[in-house]
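The values are calculated or read from the model by the stated rules, or taken from the named source; none is laboratory data. Note that this is a predicted model, so its numbers are computed, not measured. As a convention, Cβ positions derive from the backbone with ideal geometry for all residues, glycine included, and neighbour counts pool all protein chains shown. Areas reflect the complete protein model, heavy atoms only, side chains present, ligands, DNA and RNA absent. Shrake-Rupley method; radii C 1.70, N 1.55, O 1.52, S 1.80 Å.
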Amino acid sequence: MENSLEIQKRRALYIYYNSYKHTRQLRKFGEPVYTSRKLRYVKIYVNEEEVEEVKEKLEALHFVKEVQLSYIPDLEMDFSGNSSVRV
């Protein structure tokens, strides 16, 4: 028996809301990691394949103002090699 651990690709969604009392409902869409009461947003992680459909469902909720995607997975993280800027 060979156990292979496959890493699931995930993406963060930032959900801006009107009222804090509805934030517990967001657990069924993904894994909440951080909640800011002052700035009124929740950061949740969602599987990469489900991002678009979850985003549409979240935007349809009455207490959600805006949903933003994290662009960190889209950035190039190779910082070695030829760099035009030298310090």
Of the listed peptides 59-68, 38-47, what is their order by residue-averaged count of other C-beta atoms within 10 Å, with the highest listed first?
-> 38-47, 59-68
Roughly how many Å² is the accessible area per residue of the chain, as a whole number, for a 1.4 Å probe?
-> 84
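Please get the size of the charge dipole for the chain, origin at its Cα centre, with Cβ charges of +1 on Lys and Arg and -1 on Asp and Glu, quoted in debye to the nearest 20. Mind showing how you got there, number by number?
Working: 15 positive and 14 negative charges, 184 e Å.
In total the dipole reaches around 880 debye.
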Hull volume in cubic angstrom per residue (convex hull over the Cα atoms of the chain) | 179
Label-point separation (nm) for Glu48 and Ala60, each offset 7 Å from Cα along Cα-to-Cβ?
-> 2.6
In vacuo Debye scattering of segment 38-77, one point per C-alpha: log10 I(q)/I(0) at q = 0.19, 0.20, 0.29, 0.31 Å⁻¹?
-> -0.65, -0.71, -1.16, -1.23
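Take the eigenvalues of the Cα gyration tensor for segment 11-60, scale each by 5, and report the square roots as semi-axes in whole Å, largest first. Before the final figure, lay out each step's value.
Working: eigenvalues 63, 24, 16 Å².
Over the Cα atoms of segment 11-60, the ellipsoid semi-axes are 18, 11, 9 Å.
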Enumerate the lysines that Lys55 could reach by cross-link, defined here as Cα to Cα under 19 Å, with residues fewer than 8 away along the same chain left out.
-> Lys9, Lys28, Lys43, Lys65
